[in-house]
Amino acid sequence: MTSASAAIPQPGRTKAFLRLVMIEHSVFALPFAYIAALSAMFQLDRNIHWGRLLLVTVCMVGLRTFAMAVNRIIDREIDARNPRTAQRELVTGAMSVKHAWTGALVALVVFLGAAALLNPLCLALAPIAVIPMVVYPYGKRFTNFPQAILGIAQAMGPVGGWLAITGTWSWDAVILGLAVGIWIGGFDLIYACQDVETDREIGVMSVPARFGIPAAVWGARVCHALTTGLFVWYALATGAGAFFWLGLLIVAGAFLYEHSIVRPHDLSRVNRAFFSVNGFIGIALFVCALLDLLVRGLTV
């Protein structure tokens, strides 16, 4: 009876860990790693290599899971002092720090293992990819621009996706990576506006806390304008076709909608902008990019 009852909490810890790392938010970065990987396959031999694509998925989810877990662990005392985040699992006790570290280290091993299976360059660069994931949660303690560190971390997804397929460097992938990093850094500026008063009270550093909400919202608009420009550059650099350009029009429309519903003095729809619109952007551009590559000759 004792061993049976001891086993009961296990599923609860697993669910708590998945909530802790918000596993569903992989939708933000994963589509762009796929775009890079599929574009590299198109340039390589015009065939989809399903095994490598699976390993790219494992790498992305593993590294992101590690990053989110470490973020929550490092920020648990700050989260406890913020009413918006006070119900997070490490604050309420639904997940212990020990189990969070266990999950983080398992995710890290999975990431490194998948990188090793891809090619030597991916394995060699994998530890470098881990660095900004750990530095980012500390960023709000020493810089007013922690979103820049987040952007660097997110920019590595498309670059890694391309390296996973070819094993060689690509400036096209860097362009796409910069677009993704600036995009995610931009909408994190908006998200951080929710915590301005609390951040100022407890000493957390951020653009909205230092420069005010209007500056942060305008900064996000500039970021998303730059993102659109970089997407256009990527399309030109890779010789993208009509479907990809259609995707860019959809993305531009989504950006306009996002910034129409979030204003400096009205943050009531931040969650819709953050989760719904930005999730849609990633999926929409991926679908259009995939259709474009298939029409141009990518073989399933």
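Each residue of the stretch 281-298 is assigned a 3J(HN,Hα), and the resulting list reads 4, x, 5, 4, 5, 4, 4, 5, 5, 5, 4, 4, 5, 5, 5, 7, x, 5 Hz, derived from the Karplus form 6.51 cos²θ - 1.76 cosθ + 1.60 (θ = phi - 60°), x at Gly and Pro. Listed peptides 94-104, 186-196 appear in the order 186-196, 94-104 once ranked by packing, highest mean of other Cβ atoms within 10 Å at the front.
Between T14 and L294, the simple spin-label model (points 7 angstrom out along Cα→Cβ) gives 3.3 nm.
Sorting the segments 29-38, 249-258, 67-76 by their mean number of nearby beta carbons within 10 angstrom, highest to lowest, gives 29-38, 67-76, 249-258. In order along the stretch 268-275, the Karplus-derived 3J(HN,Hα) couplings, from 6.51 cos²θ - 1.76 cosθ + 1.60 at θ = phi - 60°, round to 5, 10, 4, 5, 5, 5, 6, 8 Hz, and Gly and Pro are given as x. Net charge dipole, the stretch 16-295: roughly 320 debye, given to the nearest 20, about the Cα centre with Cβ charges of +1 for Lys and Arg and -1 for Asp and Glu.
For the stretch 72-78, 3J(HN,Hα) computed residue by residue from phi via the Karplus equation (6.51, -1.76, 1.60; θ = phi - 60°) reads 5, 5, 5, 8, 4, 6, 5 Hz, glycine and proline entered as x. Which of the listed residues, S170, S206, A220, is farthest toward the dipole's positive end in the stretch 97-248, when Lys, Arg count +1 and Asp, Glu count -1 at the beta-carbon? The residue sitting most towards the positive pole is S206.
Adding -39500 (n - 2.57) for every DSSP H run of four residues or longer, then dividing by how many residues the chain holds, sets the calculated 222 nm ellipticity at -25000 deg cm²/dmol.
Every number here is computed from the coordinates shown, using simple stated rules; none is lab data. This one's a predicted model, so the numbers in the text were calculated from it and none came from an experiment. Note that we place each Cβ from the backbone using ideal geometry, even for glycine, and neighbour counts take in every protein chain shown.
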